[in-house]
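As structure tokens, the structure follows; a few thoughts come after it.
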Amino acid sequence: MQGLAAPSREEKLRFLKALEEDAEFRYAVAGLIGLGEVLSELKRLREDFQRHVELEEKRWEENRRLWEENSRRWEEAYKRFEAIESELRRLREDFNKAYERFDRRLAALGARWGIEAEEAFREAMRGVVEEILGAGKVEKWVYYDEGGEVLGYPARIEVDVLVRDSTHVLIEVKSSASEGDVAKLWRIGKLYARVKGVKPRLALVTPFISEEGLEAARKLGVEVYTRT
């Protein structure tokens, strides 16, 4: 195919003159000259935009995958946490049950030991009491307090009694004594006086007594025999 012939000198002069004199023609030529560059720039921009869109889509896809993975991990972690919490709750319940059983056994053992220890102490102190309070035999007075004068409810009352001549001495022997023990002996003394018609002396024998117990004994007229 034969190419186009180059414009002659006259054609070039006419073309230049038209550019110089015809503004509309000049703008048209200028537009044609810049169109290729504009189209090329638009193509480049479109390609850059497409690459940007593809990159963002990849990022979104990666973020979505990471989010799903994190959600799955959180769900698994939450399930493990629920399992651990359930196990801890079960262990706490088992511990509480075991502690309650232990506490009941300990209380029962302590109560039994306390009673046995108190009885052993009382037996050991019988001879000492007779020496302290003088000649006489210590016996036990047992009475059913139907009116609840001593404990506030009907109960069987026991107390050691030493009778010497016409003097009756009610004796309470305690391994340790408190204000409540003093008050109880005083109420037993009132009951004894009503039943027997004899006002007894009240003697509390103990190696240990609280300050409140000593004060109560002083006010109620209870004699305290202690190591202090």
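The values are calculated or read from the model by the stated rules, or taken from the named source; none is laboratory data. None of the values given here were measured: they were computed from a predicted structure. Neighbour counts run over all protein chains shown; Cβ positions are idealised from the backbone, glycine included.
For every residue, the table says whether it meets (1) touching a strand residue (DSSP E or B) at 6+ places or on another chain (Cβ under 9 Å); (2) of a type in the set (A, V, I, L, M, F, W, C).
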residue: Val169; (1), (2): yes, yes
residue: Ile188; (1), (2): yes, yes
residue: Tyr192; (1), (2): yes, no
residue: Glu211; (1), (2): no, no
residue: Glu223; (1), (2): yes, no
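Please specify each residue of the stretch 133-169 satisfying the condition of being hydroxyl-bearing (Ser, Thr, Tyr) and part of a loop (DSSP other than H, G, I, E, B).
Taking the stretch 133-169 first, the residues hydroxyl-bearing (Ser, Thr, Tyr) are 143-144, 153, 166-167.
Tyr153, Ser166, listed by residue number.
If only one of Lys140, Lys79 is at pLDDT 70 or above, under 24 Å from Val224 (Cβ atoms) and of a type in the set (Lys, Arg), which one is it?
Values: Lys79 fails: under 24 Å from Val224 (Cβ atoms).
Matching residue, one of Lys140, Lys79: Lys140.
Against the condition buried (at least 18 other Cβ atoms within 10 Å of the Cβ) and more than 42 Å from the chain's Cα centre (by Cα), how does Gly189 come out, does it pass? Answer is yes for this residue.
If the requirement is being surrounded by 10 or more Cβ atoms within 10 Å (Cβ to Cβ), of a type outside the set (S, T, N, Q) and either at pLDDT below 65 or assigned by TED's automatic domain parsing to the domain that holds Ile171 (or both), which of these qualifies: Trp113, Trp67, Trp74? Break it down stepwise before answering.
Numbers: Trp67 fails: either at pLDDT below 65 or assigned by TED's automatic domain parsing to the domain that holds Ile171 (or both); Trp74 fails: either at pLDDT below 65 or assigned by TED's automatic domain parsing to the domain that holds Ile171 (or both).
Only one candidate qualifies: Trp113.
Considering only the stretch 170-177, I want to know if a residue exists there that is modelled with pLDDT under 90, under 19 Å from Arg156 (Cβ atoms) and part of a loop (DSSP other than H, G, I, E, B). Yes: the stretch 170-177 contains one or more residues that are modelled with pLDDT under 90, under 19 Å from Arg156 (Cβ atoms) and part of a loop (DSSP other than H, G, I, E, B).
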